[in-house]
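**Q** Encoded as structure tokens, here's the structure I'll be asking about.
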Amino acid sequence: MNYSFPALLAFCAAASLNVMAQKIEYPITQTVSQTDDYFGTKINDPYRWLEDDTAKNTEAWVKAQNKVTNQYLSAIPFRDKIKKRLTELWDYPKNSAPQKEGDYFLLYKNDGLQNQSVLCVKKGLEGKEEVLIDPNKLSADGTVALQATAMSKGRKYFGYAVSASGSDWQEIYIMDFATKKLLNEKLEYVKFTGISWAGDDGFYYSGYDRPKNEATKFSAKTEFQKVYYHKIGTAQSADQLIYEDKEHPLRYVGAELTEDERFLILSISEGTDGSEIKVKDLSNKQAKDFITVVPGFKTNANIVDNVGGMLLVQTNENAPNYKVIIMDPNNLKSGTKTIIPEQKEKLEGVSTGGGKLFANYLKNACTEVVQYATNGVLERKITLPGLGTASGFGSYKEDDYFFYTFTSYVYPPTIFKYDINTGKSELFKKSEVKFNPDEYETRQVFFPSKDGSKVSMFITHKKGLKLDGTNPTLLYGYGGFNISLTPAFSVANMVFLENGGVYCVANLRGGGEYGEDWHKGGMLSKKQNVFDDFIGAAEFLIAEKYTSPKRLAIRGGSNGGLLVGACLAQRPELFAVAIPQVGVLDMLRYHKFTVGWGWAVEYGSSDKAEDFNYLIQYSPLHNLKKGMCYPATMITTADHDDRVVPAHSFKFAATLQSAQSCEKPTLIRIDAKAGHGAGKPTTKLIDEAADIWSFVFYNMGVNL
């Protein structure tokens, strides 16, 4: 459907020129005398005071910046129209794939505009749906969200974690599954945790000590994660400490039981890359200590399952695209045997169900799923609806079917029922979004980066697009942490597409789309490759006349915010608009806040001379130069972001406003009662999307 606003065209043409010509009066941001010495190099940090996010002067600065941003956005004539259209598009029933739990099925439902999806339960596929947990009732504004959930093995209890205002900090509650009544237990100060039940008696989880200062818990460094066992009916203070490492405060540790509850697995990491795995065989009553089965931290590995006393492990040891091996944890000297050898395509993940293994491969960033027996015998390649992303493969050993979801850029999420024995998929539930995929197309292209490396990119637009260099185009990327960007439908992007936009996603180095070599090609001292790939994508789109610098926007979040910040600093003339969201923008100090230390394995650390020498070359904050004309930029962050603290965005905004030599706007949008992105309520998602698309179209000179 082509949605336009013809009645506004004449007015917009005149009004946009007037408003865009207005000189924005930014709040005066005071500077301080702060200089740091990095191995003989003096680096000024005049906006260091903005790192104190709870200080009165910082709060006043945030209020003043938001006032300027809101005034600018409210002057865009078609902003309300975009928000109205987004609300219309968003308003359709959404369902998750049902998760089988014995005789019961759990699924999430949203009637369209509910702030949070509701967790429902029914007995049998044809049973009556009942609400198990409605997060919308946990807060007045929808800012409390469900996180980890888990049913106890005997289906007696249901454990769930909630977070407030987008924070990583969570609280765990336990419900009597039959009566749906909460037990009088609450576990506090947990984050980055699962809930792994041992029968119906209790569960394992990861937690931290109570923060020393509640006022700074959203920015202070978090250290010494531990594993505990909570016994139902007892206070958190009585929880049993299962594992701690007093010598290494900056490590993550998670605990999980195998499905048969024989092995307790500890997954340990020093950051976002590299792992160590320890296990304890709980069937051996003499076993007191954990056994290290995968030493850290040169490889990435995880336990897939156990076959009796043997462990199935997915690993990239001597296999950049990953493989599956089997080992005896009680006889490590016997070595390992390969069950699923490394393939040309990356093995993204392995799950289990019905006594089978389901290997999820990535072929040119699209899902391919292969079913294996547990001994590695290939049984079948699963037929999917097309090129896209499939997720949800897996179930309990006793199950003979499960449900999975398939999606692509022009294929709304659709649920299929899969028969494990026959390999047949049948349609279970289609999406009801008001969208006609026949009007759009996606193609994958490959272009050369600066060093000649071939990089892939997905381009989505209306059919019949004219390549005349005038199309509004948005280029999105991430390029880090071994994360793969695969095709997925986004209702938020529909306003852009139906108004002639070209939406592009580049699979940059640093990501996981093409295996560990691709990942390593964009990390540490090779991080500049990621920016070169992104710039190469932009140059390809311009050369092929999809767009021009006057109609090209770039967008990315978190590590993608770093990407956008670095590229706008390096090639400002290439882009009309830049949207760095919750970005890592100060590469010299990121590791000093919350869990930022965990990214040093990906980025390096300014505490080391060798790392400082390449970090300073691309750190977005430190590469802005006064007197330059930078793209129209809207930085987005949130007051409860305790993953990438808002100080990154605060300091970058102040520096960019000071450096900007032309009248292109430099705004910062600071959301309240929101975090890094997870659990953000629908109202906030719509508001943010409306502001971003309004800003993008407006600063491309596109009148809707």
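The values are calculated or read from the model by the stated rules, or taken from the named source; none is laboratory data. Because the structure is a prediction, the values reported are computed rather than measured. Cβ placement follows ideal geometry from the backbone for every residue including glycine, while neighbour counts extend to all protein chains displayed.
**Q** Exactly one of these conditions fails for residue 179: (1) loosely packed, with under 15 Cβ neighbours inside 10 Å; (2) under 22 Å from the mean Cα position of the chain (by Cα); (3) among the β-branched types (Val, Ile, Thr). Give me its number.
**A** (2)
**Q** Scan the range 150-164 for residues that are within 15 Å of residue 189 (Cα to Cα) and either crowded, with 22+ Cβ neighbours inside 10 Å or not β-branched (Val, Ile, Thr) (or both) and jot them down.
**A** 160, 161, 163, 164
**Q** Could you list, in sequence order, all residues of the range 226-265 that are closer than 18 Å to residue 152 by Cβ and among the acidic types (Asp, Glu)?
**A** 239, 256, 259, 260, 261 - these are the residues of the range 226-265 that are closer than 18 Å to residue 152 by Cβ and among the acidic types (Asp, Glu).
**Q** Still on this structure, please answer the following. From the list 58, 69, pick out the single residue that is assigned by TED's automatic domain parsing to the domain that holds residue 650 and in contact with a strand residue (DSSP E or B) (Cβ under 6 Å, 6 or more places away or on another chain).
**A** Result: 69 is the single residue among 58, 69 that is assigned by TED's automatic domain parsing to the domain that holds residue 650 and in contact with a strand residue (DSSP E or B) (Cβ under 6 Å, 6 or more places away or on another chain).
**Q** For residue 324, are the conditions met, namely being of a type outside the set (S, T, N, Q), at pLDDT 95 or above, within 17 Å of residue 266 (Cα to Cα) and part of a strand (DSSP E or B)?
**A** no
**Q** Residues being part of a helix (DSSP H, G or I) and not polar (S, T, N, Q): count how many of those fall in the range 613-664.
**A** The total comes to 16.
**Q** I would also like to ask the following. Let me spell it out: the conditions are (1) within 29 Å of residue 101 (Cα to Cα); (2) surrounded by 14 or more Cβ atoms within 10 Å (Cβ to Cβ); (3) not charged (D, E, K, R), and residue 321 meets all of them except one. Which number is the exception?
**A** Of the numbered conditions (1) within 29 Å of residue 101 (Cα to Cα); (2) surrounded by 14 or more Cβ atoms within 10 Å (Cβ to Cβ); (3) not charged (D, E, K, R), the odd one out for residue 321 is (1).
**Q** Which of the residues spanning the range 456-469 are loosely packed, with under 13 Cβ neighbours inside 10 Å and under 24 Å from residue 492 (Cα atoms)?
**A** 463, 464, 466
**Q** Report yes if some residue within the range 523-542 is touching an Asp or Glu at 6+ places or on another chain (Cβ under 9 Å), closer than 21 Å to residue 601 by Cβ and among the charged types (D, E, K, R); otherwise report no.
**A** Taking the range 523-542 first, the residues touching an Asp or Glu at 6+ places or on another chain (Cβ under 9 Å) are 523-525, 527, 529, 532.
In the following step, the residues that additionally are closer than 21 Å to residue 601 by Cβ were identified as 523-525, 527, 529.
When the remaining residues are screened for being among the charged types (D, E, K, R), the result is 527.
Yes, the range 523-542 contains a residue that is touching an Asp or Glu at 6+ places or on another chain (Cβ under 9 Å), closer than 21 Å to residue 601 by Cβ and among the charged types (D, E, K, R).
**Q** Another question, if that's okay. Taking residue 477, is it within 22 Å of the chain's Cα centre (by Cα), at pLDDT 95 or above, within 30 Å of residue 633 (Cβ to Cβ) and not hydroxyl-bearing (Ser, Thr, Tyr)?
**A** yes
**Q** While we're on this one: Taking the range 622-662 only, how many residues are among the small types (Gly, Ala, Ser) and within 20 Å of residue 145 (Cβ to Cβ)?
**A** Here is the first cut: in the range 622-662, the residues among the small types (Gly, Ala, Ser) are 627, 632, 638, 647, 649, 653-654, 658-659, 661.
Still in the list and also within 20 Å of residue 145 (Cβ to Cβ): 638.
The total comes to 1.
**Q** Kindly state which strands (runs of 3 or more DSSP E) lie completely within the range 342-439 and contain at least 3 residues that are touching a Ser or Thr at 6+ places or on another chain (Cβ under 8 Å) and under 20 Å from residue 92 (Cα atoms).
**A** 401-408, 411-419
**Q** Restricting the search to the range 266-280, which residues are modelled with pLDDT under 95 and among the charged types (D, E, K, R)?
**A** 270, 273
Residue-wise test of (1) in contact (Cβ under 8 Å) with a residue 60 or more places away in the chain; (2) surrounded by 16 or more Cβ atoms within 10 Å (Cβ to Cβ); (3) within 20 Å of residue 366 (Cα to Cα); (4) among the charged types (D, E, K, R).
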| position | (1), (2), (3), (4) |
| --- | --- |
| 415 | yes, yes, yes, no |
| 421 | yes, no, no, no |
| 436 | yes, no, no, no |
| 439 | yes, no, no, yes |
| 449 | yes, yes, no, no |
| 454 | no, no, yes, yes |
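**Q** Next question. Out of the residues in the range 130-184 that are assigned to a loop (DSSP other than H, G, I, E, B) and among the β-branched types (Val, Ile, Thr), state the one that is modelled with the lowest pLDDT.
**A** 143
**Q** Something else: Among the residues of the range 609-618, is any touching a helix residue (DSSP H, G or I) at 6+ places or on another chain (Cβ under 8 Å), acidic (Asp, Glu) and at pLDDT below 95?
**A** No, the range 609-618 contains no residue that is touching a helix residue (DSSP H, G or I) at 6+ places or on another chain (Cβ under 8 Å), acidic (Asp, Glu) and at pLDDT below 95.
**Q** Pick from the range 80-124 the residues that are part of a strand (DSSP E or B), farther than 25 Å from residue 166 by Cβ and not β-branched (Val, Ile, Thr): which of them is farthest from the chain's Cα centre (by Cα)?
**A** Among residues in the range 80-124 that are part of a strand (DSSP E or B), farther than 25 Å from residue 166 by Cβ and not β-branched (Val, Ile, Thr), the one farthest from the chain's Cα centre (by Cα) is 123.
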